[in-house]
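The structure appears right after this line, and notes come after that.
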Amino acid sequence: MSIARARDAVPRQPDRPPRVSDHMGTITVRPPRAEDRWPLVDVHVRARRSYYEGHLPESELAEWERGARANGYDLTRPGRVWLCAELDNTFAGFALVQPDGELKQLQVDPAHWGRGVGHALHEAALAELRAAGVGTAHLDVFAENRRARRFYLAHGWREVGHDGDAHVRMARDLDL
């Protein structure tokens, strides 16, 4: 069953975004709004540069960035679930879940690392996958992105192979 159909099949509670509050601020995870399109691109550019700089040629990074800034992202494409995170009402990150059980993106603005944003997005993304009946989730992470690999391992993921030379394939069984 696709995520979109699974979400529509189950009556949802009124949209009350999850909130986590502690000494590091208040984190809100919510569905995207139209005005999130460009802040989302800004966060993705900063996060992507943080792990690819020094590993990819600057020309390749710049070309990708030009395309992302020119086109933005389609936040309404059927079947995909976008989640946005705010930290104290500031856009801080996003996640993208695909209907095949893939956690396609989990990006946090480097300015907000270590404040729980990634954890909150991760938990919300896994909840979406569980609601869709996904038994095992998967993702690809840049092999040199040791910070992300540590994050996923600490959150119950296991390395299951390589997607080419540059990416590690990871999986996580979901308790349904």
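The values are calculated or read from the model by the stated rules, or taken from the named source; none is laboratory data. The structure presented is a predicted model; accordingly, all values stated were derived computationally and were not measured. Every residue, glycine among them, receives a Cβ derived from its backbone with ideal geometry; neighbour counts consider all protein chains shown. All accessible areas refer to the heavy atoms of the entire protein, side chains included, with ligands and DNA or RNA removed. Shrake-Rupley method; radii C 1.70, N 1.55, O 1.52, S 1.80 Å.
Among the residues of the range 138-151, is any touching a residue at least 12 places away in the same chain (Cβ under 8 Å), of a type in the set (F, W, Y) and assigned to a strand (DSSP E or B)? Yes - at least one qualifying residue is present in the range 138-151.
Step by step: first the residues of the range 50-104, then only those that are among the basic types (K, R) and open to solvent by 70 Å² or more (accessible area, probe 1.4 Å), then the one that is nearest to D163 (Cα to Cα). Which residue is that? Steps first, answer last, please.
Of the residues in the range 50-104, the ones among the basic types (K, R) are 66, 69, 77, 80, 104.
Filter once more, so that each one left must be open to solvent by 70 Å² or more (accessible area, probe 1.4 Å): 66, 69, 77, 104.
On the way: R66: 25, R69: 27, R77: 25, K104: 14 Å.
So the residue we want is K104.
Screening the candidates A95, A62, A85 for the property of being modelled with pLDDT under 95 and among the aliphatic types (A, V, I, L, M) yields one hit, A62.
Rundown of residues vs (1) open to solvent by less than 40 Å² (accessible area, probe 1.4 Å); (2) at pLDDT below 55, yes/no style:
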| position | (1), (2) |
| --- | --- |
| S2 | yes, yes |
| A6 | yes, yes |
| D22 | no, yes |
| D42 | no, no |
